[in-house]
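Have a look at the structure below before the remarks.
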Amino acid sequence: MSERRAAAETGAAGTEAGQERSEAGAEWSLLNWVVIGVFGALTAVGLVLSTGVLEWAVAIPARGADPSPVVVPVYVYLYAGFGALGYIFTKLMGRLDRYTEWNCWEDLVGLAMRIPAAWVLAAGVYLLVGAFDGVEGVAGPRFAAGVSFLVGLYVNVALTALGSLADRILGRAPPRSE
């Protein structure tokens, strides 16, 4: 059993837990940062493309008509990012008395990764919300911005909900609870 897991299971606190977390953080290699950097760069490229900077990249050809672009407005990413930052700040503020324990890079990177995750999920939710344009109160930029903020604030909930929706759309049976 790793020292970090042993400390977590035995409830070690204070300086010893902080030192063990620092040692566990030292296990991060250059490869870890390269992988995060590559995924971050791919997210940034997708973000730029989806906003319509290169219209040909997001054009959907229609029969007998000019292709129409499917773009995600920049405000969707802005408010999803704000939601993710809201989660991060409240998570850190909720544990402010234990701030010295937040020296573990894995925890901080995990919190930071919520931002690009929120961007990706908010783009998907924005595209799906377009299917409800005819429903009163569910259309418009204010609604899309609010939903984007909630997606950023509740990344895990959004991921679970989108997974459930994907199961229904793709015809997969939901898992049975016993």
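Every read-out reported here was derived from the displayed coordinates using simple, explicitly stated rules and does not represent laboratory data. For clarity, every value in this text was computed on a predicted model and none was experimentally measured. Every residue, glycine among them, receives a Cβ derived from its backbone with ideal geometry; neighbour counts consider all protein chains shown.
Rounded to 0.05, the FRET efficiency of the VAL53 and ARG172 pair, given R0 = 41 Å and the Cβ-Cβ distance, is 0.70. Placing pseudo-labels 7 Å out from each Cα toward the beta carbon at VAL35 and ALA112 gives an inter-label distance of 1.6 nm.
A simple packing score, the average count of other Cβ atoms within 10 Å per residue, orders the peptides 114-123, 164-173, 80-89 as 114-123, 80-89, 164-173, with the highest score first. Here the extension length gained between LEU78 and VAL157 equals 26.5 nm, from 0.36 nm per residue of separation less the Cα-Cα distance. The modelled label-to-label distance for the pair LEU127/LEU92, using points 7 Å beyond Cα in the direction of Cβ, is 3.2 nm.
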